[in-house]
Amino acid sequence: MQLGRPSRTAWAAAVHRAAHQVLDQRRIFVDPLALRILGRDADSVLREAEENPSRRRMRIFIAARTRFAEDALTAAVESGVRQLVVLGAGLDTYAYRSPFGERLRIFEVDHPATQAWKHDCLHDAAIPLPNSLIFAPVDFERQTLGEGLKAAGFDPAQQTFFTWLGVVPYLTEDAVWSTLAYIATLPNGAHVVFDYSDPPDTLSPSYHDRRAIQVETLGEAWVTYFEADKLRAELIARGFSEIEDLGPPQIAARYFPNRLGSLPDKGGHILRATTAQRLNEVEGSSFPES
Ligand SMILES: C[S@@+](CC[C@H](N)C(=O)[O-])C[C@H]1O[C@@H](n2cnc3c(N)ncnc32)[C@H](O)[C@@H]1O
């Protein structure tokens, strides 16, 4: 990100979600606030998308990752999770349309500059802030997630769901693992959904280079990629399980099966993983061995 400036890719991702509502008839993901938070109307979003037809693939990916995360979150809340952390929230609108009201406490974590700008967007769009929402400004490259969440009143003893969409590629690998290590230490278990990309040498140069140049021009270069098998092994070694990793073919099969065949094997992935409650520690603290 550019020093002291809000994330421009956060705006771009929000435009993709708004365009999905207008151009794809909300087929994958429904967000009634997607246009409103941008202060844009359907016609202007439509015109911009028509002028840039090459953005369709990214738009569909962003709609799919959001749907995947929100479906997994719904299942987790139904099984008892009461705390959500939206990491690198950008202009994500989940907190303002959550069906769970005060049953789900939501922490929006983001770079301080992006978060300040989001406040202005919410104010200008007259979108009310729900009581369940707490803002936690954190720069992942300078501060640990644990410190930022603690300052915001996060309860580490509660089982928590983390969404982390569109952020991992922009962080150093150290910052990514430091955040995942924090999630893995939570004693009552956690769920995380994030997206990442296959390494550039496995991708079609025309697609990758165009996208990489676009984000670099916005001052937010992609720096971290993962190989799926190595990432899975590393996550397991750090205590994650129930890993579900959808690459381009699985995303297409689940969310737009009528386009199967027109997508490459490599590209963006969406991944969900869980850590178990650490029974020994929890039991150990309440019922010390005699
Ligand atoms: C592409 S946007 C994605 C925003 C949102 N999750 C979405 O899907 O629309 C990237 C987000 O990562 C955040 N980000 C990038 N670098 C960061 C850092 N060092 N610390 C905290 N947040 C960061 C930006 O502020 C921005 O909100």
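Computed from the C-beta positions of ILE243 and LEU46 and an R0 of 41 Å, the FRET efficiency is 0.60 to the nearest 0.05. Extension gain for LEU129-ARG232 works out to 33.4 nm (0.36 nm per residue, less the C-alpha to C-alpha distance).
The value obtained for the chain, namely the Cα convex hull volume divided by the number of residues, is 135 Å³ per residue. Between rounded, prolate and oblate, where does region 33-149 land on the alpha carbon gyration tensor, with a ≥ b ≥ c its root eigenvalues, rounded for a/c under 1.5, else prolate if a/b exceeds b/c? Prolate, because a/c is 1.5 or more and a/b exceeds b/c. Descending by average beta-carbon neighbour count within 10 Å, the peptides 200-206, 52-58, 171-177, 63-69 line up as 63-69, 171-177, 52-58, 200-206, the highest first.
Judged by the mean number of other Cβ atoms found within 10 Å, the most tightly packed of the peptides 40-47, 88-95 leads the ranking 88-95, 40-47. Taking the DSSP beta bridges with both ends in the chain, the antiparallel portion is around 40 percent.
Once the C-beta distance of LEU218 and ALA157 is scaled by a Förster radius of 41 Å, the resulting FRET efficiency is 0.60 to the nearest 0.05. Rounded, prolate or oblate: pick one for region 127-246, where a ≥ b ≥ c are the square roots of the eigenvalues of its C-alpha gyration tensor, a/c under 1.5 means rounded, and failing that, prolate if a/b is larger than b/c, else oblate. In terms of gyration-tensor shape, oblate. For the chain, a Gaussian network of Cα nodes joined below 10 Å ranks GLN143, GLN158, GLN21 by mean-square fluctuation, and the top entry is GLN143.
For LYS118, the lysines whose Cα falls under 25 Å of its own Cα, not counting residues fewer than eight places away in the same chain, are LYS150. Of all lysines in the structure, those lying under 27 Å Cα to Cα from LYS230, and not within fewer than 8 positions of it along the same chain, are LYS266.
Report summary: the helix-based calculation at 222 nm, which adds -39500 (n - 2.57) for every DSSP H run with n ≥ 4 and divides by the residues of the chain, gives -13500 deg cm²/dmol. State whether region 27-76 is rounded, prolate or oblate according to the following rule on the C-alpha gyration tensor (a ≥ b ≥ c being the square roots of its eigenvalues): a/c under 1.5 gives rounded; otherwise a/b larger than b/c gives prolate, and the remaining case gives oblate. Here region 27-76 falls in the oblate category. If you take the Cα centroid of region 212-245 and the Cα centroid of region 68-112, the two points sit 21 Å apart.
Readers should treat all values here as calculations from the given coordinates under stated rules, not as data from a laboratory. All of these numbers come straight from a predicted model, not from anything done at the bench. A quick note on method: Cβ atoms are made from the backbone with ideal geometry, for glycine too, and the neighbour counts reach across all protein chains shown.
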